[in-house]
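Only one structure is covered here, and it is reproduced in the block below.
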Amino acid sequence: MRVTFIQPYYRNVWENIGLGYIIAYCKQQFQGELDVKFYQGNFDSDAEIVRGGIDSDIVAFSATSPCFPPAVRFAAAIKAENPKVKTVVGGWHVTALQEKALNEYIDQIVVGEGEQAMLEILQGRDDRIVHGTALPFPDLPWPDREAIKNHRTVDLCETMNGKRTTSFQANRVCPTSCVFCAEKTMTGKFNRRLNPIRSRSVEDVCAEISSVVEKYDLTYFKFVDATFDISPDYVIDFCREKIDHGIETEWECLIHASFCTEEMFYWLKESNCNQINVGCESGSPRILKQIKKGTKVETIENVFRWARNYGINRRAFFILGMPDEDRDDLHMTEELIDRIEPEVVGFTILCPYPGSQLYDHEKYRDQDWEQTDEYSNDFWRNNAFTNQELKDWQAYFTDKYSDKLCERQDETTFERLNV
């Protein structure tokens with residue numbers, strides 16, 4: 001069977017670890033021969049992608065909301081050349097919208113985690129909506145990095161910032177319930193009994209890291225987990241295992257401020273952690289409570305102080321335009337940034353993606369998601385600011401903290417306006 005996997009173009013380039021897991025699982029479980037191809041819009045031209053899909057039995061797309069429109073265009077172009085090709089789309093967008101995402105060019109959609117669902121499609125299942133199964137994450141094979149051409153993103157990172165970098169995943173299911181996030185759309189809402197966090201052993205994680213570091217000559221790696229610090233003990237155990245494994249490579253992770261302890265930062269430093277990334281979101285206690293962030297301003301300050309004391313770089317993410325956020329709240333955000341003094345900072349205008357609690361289908365059903373990215377959009381407004389006023393605030397923050405901007409945001413030109 002000939003199967004082509006496609007990751008449409010997106011402004012921010014990373015390897016598709018999710019497809020790597022799906023391909024590895026299907027190769028392991030499928031009873032028959034699989035001829036797998038992979039294309040990524042950041043490296044392959046539209047013409048190459050269409051040509052690559054035409055002679056396939058199945059073409060499967062991985063699509064977030066910004067990637068869904070080009071996925072549909074590719075599906076239409078491929079079917080125009082070969083109507084017999086079965087087209088499948090998985091990812092956050094179709095998982096959130098389900099039947100609302102179906103159209104004449106998409107034969108099937110995968111809802112939720114894709115490993116078992118994709119295997120069943122390869123085995124002949126033809127339901128238009130195929131619900132995924134939450135498999136035990138520790139039992140899955142490592143992602144097939146050769147299939148997803150991981151070397152291309154590693155080489156690109158080296159070209160862009162001098163570090164040969166790739167990503168790993170340690171857990172599935174995020175324990176938080178932030179209203180702006182669609183993470184739980186894919187893996188389900190956390191529940192200690194019914195949907196607990198599914199964690200790989202730190203031994204298995206380090207074994208994979210060691211193998212990939214050697215294969216791709218990595219000088220840096222990061223975790224894609226929405227919350228790597230699911231518990232301080234897990235982080236400490238990982239750090240110790242990394243040291244015992246002799247893995248000296250620098251690394252970074254995304255952490256939740258409320259799950260940290262000072263001891264954790266000692267071990268992060270000992271294991272050569274270069275940077276922590278923290279979704280602070282706001283400096284306003286009122287807004288943090290409204291968005292169900294599950295943390296407090298003083299907790300954020302503690303985390304940034306601990307990391308600084310141990311010499312770990314700190315990256316802070318902030319979202320502008322929470323539903324009731326006003327001028328006073330934004331000034332509190334500014335004051336928090338000045339107190340914690342992060343080495344790197346990024347400012348995003350809130351986007352109500354499908355799957356988040358802020359999404360309203362009747363309001364946004366015709367939205368062109370392709371025109372949004374992780375930093376900006378042209379349509380969101382809250383109860384205090386128009387979209388342009390939010391962009392003005394974003395310009396104000398990026399101008400004030402221009403020496404701290406993360407790489408992607410630093411490349412973006414913002415109109416400088418006074419607010």
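Any idea what diffusion coefficient the range 159-233 gets from Stokes-Einstein, in µm²/s, Kirkwood Rh on alpha carbon pairs, 37 °C, 0.692 mPa s?
My calculation gives 233 µm²/s for D.
Assuming 0.36 nm per residue, please report the length gained on full extension of the stretch M1 to E250 beyond their Cα-Cα distance.
The M1-E250 span can extend by a further 85.6 nm.
What does the charge count near D204 come to, summing +1 for each Lys or Arg and -1 for each Asp or Glu among other residues with Cβ under 11 Å from its Cβ?
-3
Would you work out which of T159, S211, P175 lies farthest towards the positive end of the dipole of the range 144-220, given +1 charges on the beta-carbon of Lys and Arg and -1 on that of Asp and Glu, about the Cα centre?
Toward the positive end, the furthest listed residue is P175.
Cα-Cα over 20 Å: which of K292/K400; K37/K79; K292/K363?
K292/K400; K292/K363
For the range 1-76, run through the GluC sites (Glu not before Pro) and keep only the ones in DSSP coil with at most 13 other Cβ atoms within 10 Å of their Cβ.
E33
Would you mind classifying the chain by shape? Square roots of the alpha carbon gyration tensor eigenvalues, ordered a ≥ b ≥ c; an a/c under 1.5 is rounded, otherwise it is prolate if a/b is larger than b/c and oblate if not.
Cα axes put the chain in the oblate bin.
Please give the helix 327-340 orientation as an angle from the longest Cα principal axis of the chain, in degrees from 0 to 90, rounded to the nearest 10.
80
Are there trypsin sites (Lys or Arg not before Pro) in the range 323-407 that DSSP puts in a loop and that have at most 15 other Cβ atoms within 10 Å, and which ones?
R365, R381
Please give the net charge around F180, taking every other residue with its beta carbon less than 11 angstrom from that of F180, where Lys and Arg add +1 and Asp and Glu add -1.
Spelling it out: positives minus negatives among the neighbours equals 0.
Assign unit charges at the C-beta atoms only (+1 for Lys and Arg, -1 for Asp and Glu), then state the dipole size of the chain relative to its Cα centre in Debye, rounded to the nearest 20.
That gives a dipole near 700 debye.
Tell me, what ³J(HN,Hα) does each residue in the range 54-66 have, in order and in whole Hz, if you take phi through Karplus 6.51 cos²θ - 1.76 cosθ + 1.60 with θ = phi - 60° and put x for Gly and Pro?
4, 8, 8, 7, 9, 10, 10, 10, 9, 9, 6, 4, x
Based on DSSP, what percent of beta bridges with both residues in the chain are antiparallel, to the nearest 5?
Given both bridge residues lie in the chain, the antiparallel proportion sits at roughly 5 percent.
Remind me, relative contact order of the range 149-410 in percent, using alpha carbon pairs under 8 angstrom and six or more residues apart?
Dividing the mean separation by the residue count of the range 149-410 yields 16 percent.
Would you mind getting the Kirkwood hydrodynamic radius of the range 1-41 from its Cα pairs, rounded to one decimal in Å?
Over the range 1-41, the inverse of the mean reciprocal pair distance is 11.2 Å.
In straight Cα distance, which lysines are under 22 Å from K269, not counting same-chain residues fewer than 8 positions off?
In chain and number order, the partners are K163, K222, K242, K404.
Which of Y216, Y39, Y105 moves the most in a Gaussian network model of the chain with Cα springs under 10 Å?
Among Y216, Y39, Y105, the largest GNM mean-square fluctuation belongs to Y216.
Dimensions of the range 216-311 along principal axes (Cα, Å, largest first)?
Principal-axis extents of the Cα atoms in the range 216-311, largest first: 45, 26, 21 Å.
Taking every DSSP beta bridge that has both residues in the range 2-135, what percent is antiparallel when rounded to the nearest 5?
Beta bridges within the range 2-135, antiparallel portion: roughly 0 percent.
Which aspartates and glutamates, if any, have their Cα less than 13 Å from the Cα of K289, not counting same-chain residues under 8 positions apart?
E281, D324, E325, D329
Where does the chain land at 222 nm, in deg cm²/dmol rounded to the nearest 500, when only DSSP H runs of n ≥ 4 count, each adding -39500 (n - 2.57), divided by all residues?
Estimated from H runs of four or more residues: -11000 deg cm²/dmol.
What angle do you read, to the nearest 10 degrees and between 0 and 90, between the alpha-carbon axis of helix 68-81 and the longest principal axis of the chain?
The angle comes out at about 20 degrees.
Please build a GNM for the chain, connecting alpha carbons under 10 Å apart, and tell me which residue among A80, A60, A316 fluctuates the most.
A80
Against the longest principal axis of the chain, how steep is helix 297-309, in degrees 0 to 90 to the nearest 10, with axes from Cα atoms?
Relative to the chain, helix 297-309 is tipped by roughly 90 degrees.
Readers should treat all values here as calculations from the given coordinates under stated rules, not as data from a laboratory. Only a predicted model underlies this, so the values are computations on that prediction, with no experimental measurement involved. Positions of Cβ are backbone-derived with ideal geometry, glycine not excepted, and every protein chain shown enters the neighbour counts.
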